[in-house]
1. Rounded to the nearest whole Å², what accessible area per residue is found for region 346-419 with the 1.4 Å probe?
2. In whole Hz, with x marking every Gly and Pro, tabulate ³J(HN,Hα) for region 222-228 from phi via Karplus 6.51 cos²θ - 1.76 cosθ + 1.60, θ = phi - 60°.
3. Using the Karplus equation 6.51 cos²θ - 1.76 cosθ + 1.60 (θ = phi - 60°), what ³J(HN,Hα) coupling, rounded to whole Hz, does each residue of region 375-383 give in order, writing x for Gly and Pro?
4. Tell me, what ³J(HN,Hα) does each residue in region 125-136 have, in order and in whole Hz, if you take phi through Karplus 6.51 cos²θ - 1.76 cosθ + 1.60 with θ = phi - 60° and put x for Gly and Pro?
5. In terms of modelled amide H atoms, which long-range or inter-chain residues lie less than 5 Å from the amide H of Leu8?
Amino acid sequence: MSAPPMPLIPRPSLFWTGVALTCAGVVEHLWMFIDSASVNFRMSMMGMSSVMWAAMVAIVVGVVLSGFAIVQPRTAGPGAASTPAGTTAASRHRLIAILSFALLVDQMKPATLAFISPGLRAEYHLSAADVSWLPTVALTGTVLGSLVWGRAADRIGRRATILIASLLFLGTTVCGAMPTFGGTLATCALMGMAAGGMLPVVYALMTESLPPGRRAAIMVLQAGLTTTGGYMAASGLAAVLIPLAGWRVTWFAQLPLVLILIALNRWIPESAAFTTRQTRTKQVPASTLFTPPQTAKTLVVSAYALAWGLVYWGFITFLPSQLESSGRHGMSAATLLFISSLLAIPTCAIGAWLYMRWSAKGTMVVYAALTVAALLTLAAVGMDGSRPLLLATVMLLFAGTAGVIALIGPYTAEIYPVAIRGTAGGWAAAVGKSGGAFGPPLIALVLSAPGGIRTAAVFVALPMALAGLAVASRGSTPQAVAQPPSGTTPLVAEPDDSVGSDAVAAQTTETAHLSGEGGTAA
């Protein structure tokens, strides 16, 4: 007789004690923020009081306690794993909704940075160079978070990692109450670490919890639409709240959303594929991202993610200012961002359809080609082209990059085996976001060279073209998913690297091999 399953939270009393401590620390900071209304919510003159330090300690202790309470005991044997994902349509729809909400909250964090910079710069009396440290530090945090939490997902579980990231979201809402710029940088770096880990882990859990068929389309749509929704939610909150209570309120306004996400944790199951592998780890050979046969996959994914990061964080960062400095087209940065948000919706819908109905590799190549075509057109016409041509080119560029980022996460999650799926997703996310650290200064240097924006467009088009060629020639085809027996959890097919990258073969999952259950690939 198998042992009864472990509860979703092994130590619930300790977990909720930690959440209560974290909330108490956040509420104390929130109260201090409200108390600063008499000075127009400017807290830079307050300094770090002993009460604020005590509240910070409560937050740290609370997050640590709750994180410890989530992790399943290593002594748990077979049959003691967390409750696996449900197989009913209702449970799958609920999981998709909750994980989409998690990604929406995740995307709001970095999107908020663009809207707080003017107020932060005015309150702390910062130069443009000084305030640029905020996105740099936050994006560096996302790179580290992607690596750390991606690896953690393969060690402690997908569900546990999502919850720990949510707890960090809760604790780092105090970024809105830091009286010093250094404190703001530190808390925003931690916020970035939490945000960096959510996205690849969600993709891993989605891949292992949904049955075949429309799963790929759902994931691609989820990736694109939550990015758009996160930006729109952040911009909406900023538009309404900043005129009323300053830039700091945008962080505290997200507190209810984070609490809702934590409250929804009971409906976030652990991956059945992950828990089965954990109970049979001695029977599964070790694998890493840079050992054959995974090396080729990792190099292809890295090239694709890096090319996107260079275009998005480097080139597009300077595009609004280049357009405005030309003085001929009247296109503001706000207009470009609005166009970007709107285009993500049809772009991701088309990409999801192509990914599911046509070809995963082919769709990735198409969106890389769209991006390259837009960049080369900009290189040809510069900022002096006709307004309709320039607008169409910019729209094409946004469409291409929106498709690239919507595809890379789901694709990565589907081509790697369970054992390193979280690590691979974290690696791809980290490589893409690293463009935020080195992209802007690199493109600034290129813009100072002869040719300016034309040279920069060619410079970033080259790696994107090479990445598209790499996907076309060496990219892996996502494998089919085994259909589970009636009443059981979907079993995720593990890529068989002895099969050619362009072959579509019927395969049995690693989970089915270990448990003795057969399955026919869909």
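1. Working: 2380 Å² over 74 residues.
For region 346-419, the per-residue accessible area is 32 Å².
2. Residue by residue, region 222-228 yields 4, 4, x, 6, 6, 5, 5 Hz.
3. Each residue's phi maps through the Karplus curve to give 5, 5, 5, 4, 5, 7, 9, x, 8 Hz.
4. After applying 6.51 cos²θ - 1.76 cosθ + 1.60, I find 6, 9, 7, 4, 5, 5, 5, 5, 5, 4, x, 4 Hz.
5. The answer is Thr83.
The values are calculated or read from the model by the stated rules, or taken from the named source; none is laboratory data. For clarity, every value in this text was computed on a predicted model and none was experimentally measured. We work out accessible area using only protein heavy atoms, side chains counted, and drop any ligands, DNA or RNA first. Shrake-Rupley method; radii C 1.70, N 1.55, O 1.52, S 1.80 Å.
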